[in-house]
Each structure stands twice: as C-alpha cells, then as structure tokens.
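Q: Let me begin by handing over the structure; questions about it come next.
Please treat every number below as a calculation from the coordinates, not as lab data. All figures in this text were calculated on a predicted structure; none of them were measured in a lab. When we count neighbours, we look across all protein chains shown, and the Cβ atoms used for this are built from the backbone with ideal geometry, even at glycine.
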Amino acid sequence: MIVLYSLMFLGGYVSAAGLGLTCPEWPLCPNGIMPDEDYFIEWMHRLVAATTGTLVIATMIASWLNKNSDNKIKLTSSLATVFVITQITLGALVIDMKLHAVLVAIHLGIGILLFSMVLLTTLFAFRISKISIQSKI
Ligand code: HEM
C-alpha cells in the first residue's frame, strides 16, 4: 500500500509538473538502467511501478498458494493483478500516444481501482489475522 501510494503521488507530480514526456522511450529511458538526472522523476515512476507490479503479483500468487486463504483475498488480489498489468501497459500507451487526454484520464481511473483492491486485500488480511488470534485466546 505504501509503495502504491508513493507511486500515485509520483504520477500526480509527473503530470502536474509536465514531465510526462521527458523520457520518450519505453520501457527504459535513454542511457538505460541508470538514466541521467533529466529523466529522474519519470524513471522513478517506472521503477516504482515495476516494484508495485511485482508486489501485487506476489500477493496474488501467495493468496492462491495458501490453503487457508480467504476467497475474498483471492478475489481482490486477482483483480489488483489485472489492474496493475492493465495500468503498466496503459502507462506505455500514454507515452506512445503523447499523453492523449483520454488515456491519461483512464490511467488515473485504473490507478484508483488498483488502490481500492490493494486496500481491500490489506483490510481483509488484517481482519482475518485478528480473528485467528482471537480464536486462539
Ligand atoms: C501500477 C502502475 C502505475 C500506477 C498506479 C500509475 C499511476 C499514475 C497516476 C496516479 C498518475 C497521475 C495521473 C493524473 O494526475 O492525471 C500517473 C501519471 C503518469 N504515468 Fe503512471 N502509473 C503507473 C504506471 C505507469 C507506467 C508503467 C508508465 C509508463 C512508462 C506510466 C506513465 C505515466 C505518465 C507519462 C504519467 C503522466 C501523464 C501526464 O503527464 O499527464 N505510469 N500515473
């Protein structure tokens, strides 16, 4: 949740500061893995997006592998995975289409859906762990 929130904050900054096209290539910026400072903010948005994607997919895999996992967690983490993959693909399209307004608006909309699913997954996980602690007392 913290990584995703930071990513949305960075995205808002990229948009408001007009930095959306500072890094015109995809998936890496010019100069590869360690781009120079001109691309830093947009490159950070991509790096944190890749980290978010890894964490969301890992949560979904863990929820399906865990026999005791609740169906609600499986559902919300799977939806989060669908949204994160859509969002990363859309991020590339936003750049390819030179920040087309509709695509940027959809990018924000799916970001909010993704945030909701990660929030629900977190709330369900805390509620379930609280119930299992109480049942042991
Ligand atoms: C989980 C993945 C991602 C999330 C949650 C996310 C979220 C956001 C958010 C909330 C914004 C601000 C939108 C606005 O204020 O209208 C934004 C902007 C932006 N994102 Fe992402 N993003 C993700 C991945 C990516 C990726 C992989 C790219 C592609 C390289 C990308 C490219 C952009 C660009 C270029 C903008 C600025 C658009 C503009 O200048 O108006 N995003 N992102």
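Q: Determine the dipole magnitude for the chain: charges of +1 sit on the beta-carbon of Lys and Arg, -1 on that of Asp and Glu, nothing else is charged, the reference point is the Cα centre, and the result goes in debye to the nearest 20.
A: On the way: 8 positive and 7 negative charges, 204 e Å.
Once rounded to the nearest 20, the dipole reads 980 debye.
Q: Please compute the net charge surrounding residue 123, taking Lys and Arg as +1 and Asp and Glu as -1 over other residues with Cβ under 12 Å from its Cβ.
A: Working: positive: 72, 127, 130; negative: 70.
The answer is +2.
Q: Please name which of 78, 21, 45 has its Cα lying farthest along the dipole of the stretch 3-96 towards the positive end, using unit charges on Cβ (Lys, Arg +1; Asp, Glu -1) and the Cα centre as origin.
A: Positive-end residue among those listed: 78.
Q: Sticking with this structure for a sec: All other residues with a Cβ under 14 Å from the Cβ of residue 62 taken together, and with Lys, Arg as +1 and Asp, Glu as -1, what is their net charge?
A: In short, +1.
Q: For the chain, state what percent of all Cα-Cα pairs lands in each successive 5 Å bin, counting from 0 Å until the bin that includes the largest distance.
A: 2, 10, 19, 20, 16, 11, 8, 6, 4, 2, 1, 0
Q: Same structure again: Of 11, 31, 133, which is farthest along the charge dipole of the chain in the positive direction, counting Lys and Arg as +1 and Asp and Glu as -1 at C-beta?
A: 133
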